[in-house]
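Notes follow once the structure below has been shown.
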Amino acid sequence: MPVRLADPSRDEVGQFNRLSASQSNAWYDCPRIWWYQNNQRLKFGQTPPLFLGRAVEETVCRVLMESPGIVMAAAPADVLANGADALLPLFEDEIPTDFSKWIEGRVDAHWPVIRDAMHKEWQNNERSAGNWHEYSMDDYRDMCATALKMHLDEVKLCQSNIDETELSDWRTGIRLEIPAPDGRNSFDGSHPLTRTGPCTLIEAWEIARPWFVDPNAEPFSLNVVHPDHWFQGEYDLVYRHGGQIRIMDLKASRGGGDRSGNYVEQLRVYAMLWALTHDGKIPDALEVWYAGVNVRKTVPPPTEEELKEMESRLHDLWTEIKSEPVTMDDCPPMPRPLRGFSEGGVKTDDPEASRCDKCEWRGLCPNGEGDDDLPDGGQYQPSGDIKKYDLTGFGSLQPRVNIFCEIFSLTQVPNSPPNIVIQHKDGFAFVKIIASENNGESTYPLDITKGDKVRLVGLIPSTNWKGEIQLKVDPSARIIRADQAEDGDVGLFGFNTRSHVAGRVAYTTYKSGVGKTGKPWARKGIALIDATGRISVEGWDNAWPPMFNTLKQGDEIAVLNISLDAWASNIKANLEKGSTMHILSRLNE
């Protein structure tokens, strides 16, 4: 079985508190990097190669799902929209004699669609960075074909080395417990591409197809999870033909630079996960596929003793940084030296440069241009203003409320949650359900009706464009039937509608689009950190003062008269009418 999913009945860790290879690599690169990116959830700049790499991986997976015996090279990209079992096998004279040319044709069918979708996703990302047009789309397209021709080598290896038992089992319809994704909705009996005699290349394509993450699956739904739930990972390609387990990590890169060291560690961790979830069976081979230079780098599988040491070390790390809350002081700026690798992941001399020289967080970190003396509440009096504002630390912001009330009216909406108005002794308020469930559990009683007494637990108060109170239900909020109020429940006016904060700028954000009426819109934002946490502040483009465009990482600002918002565990502040921004200090001034 390629994937071992979490057992909810035994999972006391939770999917958002597990360690991963990327997190452990970030910690070993520098604990402070891990702190900024994983504890404070700061997003590093989203450059085009990140999205182009995802486009390459999806294109490869889309083609791997197909078969030269069923799909013509010139078929449209959505040929499997109704499932592979809805298609008839090709006639013998339609099957390509050159699988390499078929691969090129299928890449050309999928790549433009996926590339353009990723371009749009990059453009819409609030932290998009760099210039898309500085990168060669042809180079990334060719990486897709290169990776698939590496797979073709596996197919030919399977054809030449397959034994009678494996071939016979496949021809009689015996399948692995979890088969490789092949676009089939159902399968019973022998495969329609079954032949007689020696194994054909068409059959070998089906038999050798590796397990990979189905591109149609929900994100992160096919992670492999440690038996004790504290670690998870996601394999790229797992080959299982010939009675061997061989894990391949696909990289849309040329393999030079420090990051190649992380790729090796990541593969070794995948070997650990495989062994722990397959009765101690250590994979027979590990490889990094550098599609940018057509190199398959072999990584020696770890020994049983090395696997035990790795598991122990990673569990100690999980205990240190995930089992209990950690502070910034627990994550000191201690970067490890840069490692040298040339193209293809070949080890070279380590460079003399420091990891800190090009770190994303130089303006925040004391190893760069920042310091750890972060804002921590207090008071602020703007120049020329007689009023002093009490600043709330981010960790003390409370965007949620609990209210005991009655359902005043309820209007059912087809295919959507109902529109609800609640009644309280203070008045009336609208309830907006923007998340109807969380992990399969409804956020409100499905049979709720007018006159029911309920508690609104963890709802987020705001006002709509008319100034009316609106209570938002997100995944962390609940509407629960109740007979009476509980401690901590408040009225419709028992919460702060405005707050005042100060923090250090981590980065600014920008997103734009076109509304339903065809009118363009744009919103700007700032990610801020203080001594107690982080928040983002957002507002419409024209609501920000001109000084917004001068902000840089490390500057410290105060933002007054903001309203609070949230989504799950993320707290956000909104710039409203009457909100103001003030510069407290500039980096290096």
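Below are the figures for this structure:
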| item | result |
| --- | --- |
| Some residue of the range 483-504 being of a type outside the set (Val, Ile, Thr), within 24 Å of the chain's Cα centre (by Cα) and over 26 Å from Asn39 (Cα atoms) | no |
| Tabulated pairs, the range 308-326, first assigned by TED's automatic domain parsing to the domain that holds Leu19, second basic (Lys, Arg) and assigned to a helix (DSSP H, G or I), C-beta under 7 angstrom, 6+ apart or interchain | Met310/Arg268 |
| Residue pairs meeting the criteria (Cβ under 9 Å; at least 6 apart or on separate chains; first more than 16 Å from Arg455 (Cβ to Cβ), in the range 417-445; second acidic (Asp, Glu) and buried (at least 20 other Cβ atoms within 10 Å of the Cβ)) | Ile434/Asp474; Ala435/Asp474; Asn438/Asp474 |
| Test: residue in the range 481-498 that is in contact with a strand residue (DSSP E or B) (Cβ under 9 Å, 6 or more places away or on another chain), modelled with pLDDT under 95, surrounded by 14 or more Cβ atoms within 10 Å (Cβ to Cβ) and not in a loop (DSSP other than H, G, I, E, B) | no |
| Gly503 in a strand (DSSP E or B), in contact (Cβ under 8 Å) with a residue 60 or more places away in the chain, under 26 Å from Pro375 (Cβ atoms) and not assigned by TED's automatic domain parsing to the domain that holds Asp329 | yes |
| So Lys453, is it surrounded by fewer than 16 Cβ atoms within 10 Å (Cβ to Cβ), under 24 Å from Lys432 (Cβ atoms), at pLDDT 95 or above and among the charged types (D, E, K, R) | yes |
| Lone unmet requirement of (1) at positive phi; (2) assigned by TED's automatic domain parsing to the domain that holds Leu391; (3) not aromatic (Phe, Trp, Tyr) for Asn439 | (2) |
| The listed residue being under 27 Å from the mean Cα position of the chain (by Cα) and without any contact (Cβ under 8 Å) to a residue 60 or more places away in the chain, out of Gly539, Gly533 | Gly539 |
| Residue check, Val413 among the β-branched types (Val, Ile, Thr) and either in contact (Cβ under 8 Å) with a residue 24 or more places away in the chain or surrounded by 15 or more Cβ atoms within 10 Å (Cβ to Cβ) (or both) | no |
| Selection count where residues are free of Cβ contacts under 8 Å to residues at least 60 places away in the same chain, surrounded by 14 or more Cβ atoms within 10 Å (Cβ to Cβ) and in a loop (DSSP other than H, G, I, E, B), scope the range 196-213 | 2 |
| Residue within the range 214-229 that is surrounded by 20 or more Cβ atoms within 10 Å (Cβ to Cβ) and part of a strand (DSSP E or B) present | yes |
| Hey, Pro375 part of a loop (DSSP other than H, G, I, E, B), over 28 Å from the mean Cα position of the chain (by Cα), surrounded by 13 or more Cβ atoms within 10 Å (Cβ to Cβ) and not charged (D, E, K, R) or not | yes |
| Test: residue in the range 89-105 that is within 21 Å of the chain's Cα centre (by Cα) and either farther than 23 Å from Phe212 by Cβ or among the basic types (Lys, Arg) (or both) | no |
| Breaking point among (1) surrounded by fewer than 18 Cβ atoms within 10 Å (Cβ to Cβ); (2) part of a loop (DSSP other than H, G, I, E, B), for Arg54 | (2) |
| Residue within the range 75-96 that is surrounded by 18 or more Cβ atoms within 10 Å (Cβ to Cβ), in a loop (DSSP other than H, G, I, E, B) and of a type outside the set (A, V, I, L, M) present | no |
| Residue, surrounded by the most Cβ atoms within 10 Å (Cβ to Cβ), within the range 529-556, restricted to residues that are touching a strand residue (DSSP E or B) at 6+ places or on another chain (Cβ under 6 Å) and of a type in the set (A, V, I, L, M) | Ile535 |
| Residue within the range 322-344 that is farther than 29 Å from Met272 by Cα and acidic (Asp, Glu) present | yes |
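Residue by residue, here is whether (1) surrounded by fewer than 20 Cβ atoms within 10 Å (Cβ to Cβ); (2) in contact (Cβ under 8 Å) with a residue 12 or more places away in the chain holds:
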residue: Lys101; (1), (2): yes, yes
residue: Val113; (1), (2): yes, yes
residue: His119; (1), (2): yes, yes
residue: Asn125; (1), (2): yes, yes
residue: Gly130; (1), (2): yes, yes
residue: Glu134; (1), (2): yes, yes
residue: Val155; (1), (2): no, yes
residue: Thr165; (1), (2): yes, no
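The values are calculated or read from the model by the stated rules, or taken from the named source; none is laboratory data. As the structure is a computational prediction, the values presented were derived from the model and not from experiment. Glycine also receives a Cβ, built like all others from the backbone with ideal geometry; neighbour counts cover every protein chain displayed.
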